[in-house]
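The values are calculated or read from the model by the stated rules, or taken from the named source; none is laboratory data. Note that the coordinates shown come from a computational prediction; the quantities given were computed from them, not determined experimentally. Glycine also receives a Cβ, built like all others from the backbone with ideal geometry; neighbour counts cover every protein chain displayed.
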Amino acid sequence: MLKLSTVTCDFQIVVSSSWRFHYPLEELRGQLGTLSGRVTGVTPEIRPCSYQRYHEIKEVVDVYRLEHWMAVDDAVNEFPPECENLLACDPRHGLQERDARALREWLMQSA
């Protein structure tokens with residue numbers, strides 16, 4: 001079981017998954033279990049471009065002037081090479097415990 005819910009620092013989740021086109025926000029929240037209360041919205045849909053998901057996320061980052069952000073994604077081709085703000089997970093298995101550990105560590109360092 002992934003243990004991100006035990007992180008005590010403040011963080012929010014903005015969903016950039018293609019699921020945002022198929023499910024209402026409340027259903028997306030429900031899919032995240034104990035993290036559901038941290039889901040604040042979804043990224044906007046932008047005009048097709050290279051690294052589209054990265055640019056959709058950057059829209060939110062720029063609007064809210066976020067200094068610290070991390071994308072957790074299995075579609076590494078949607079991000080520029082060597083993107084420092086990407087925690088890539090395995091598309092066959094999704095977010096695994098090692099990914100959750102890396103994300104917890106990043107959250108604690110960013111707090």
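Assorted remarks:
- Output for the range 25-76, where each listed residue is part of a loop (DSSP other than H, G, I, E, B), closer than 21 Å to G94 by Cβ and not β-branched (V, I, T): L32, W69, M70, D74, A75
Let's see how each residue does on (1) surrounded by 13 or more Cβ atoms within 10 Å (Cβ to Cβ); (2) modelled with pLDDT of 95 or more; (3) within 25 Å of Q109 (Cβ to Cβ); (4) not hydrophobic (A, V, I, L, M, F, W, C):
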| site | (1), (2), (3), (4) |
| --- | --- |
| L4 | yes, no, yes, no |
| H55 | yes, yes, no, yes |
| D73 | yes, no, yes, yes |
| E78 | yes, yes, yes, yes |
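- The criterion of being outside any loop (DSSP other than H, G, I, E, B), more than 15 Å from the chain's Cα centre (by Cα), farther than 16 Å from S16 by Cα and of a type in the set (D, E, K, R) holds for R98.
- Only listed residue being among the aliphatic types (A, V, I, L, M), at pLDDT 90 or above, over 23 Å from E105 (Cα atoms) and in contact with a Lys or Arg (Cβ under 6 Å, 6 or more places away or on another chain), chosen from V42, V63: V42
- Residues of the range 7-22 satisfying the condition of being touching a helix residue (DSSP H, G or I) at 6+ places or on another chain (Cβ under 8 Å) and either surrounded by 15 or more Cβ atoms within 10 Å (Cβ to Cβ) or free of Cβ contacts under 8 Å to residues at least 24 places away in the same chain (or both): V7, F11, I13, V14, V15, S16, S17, W19, R20
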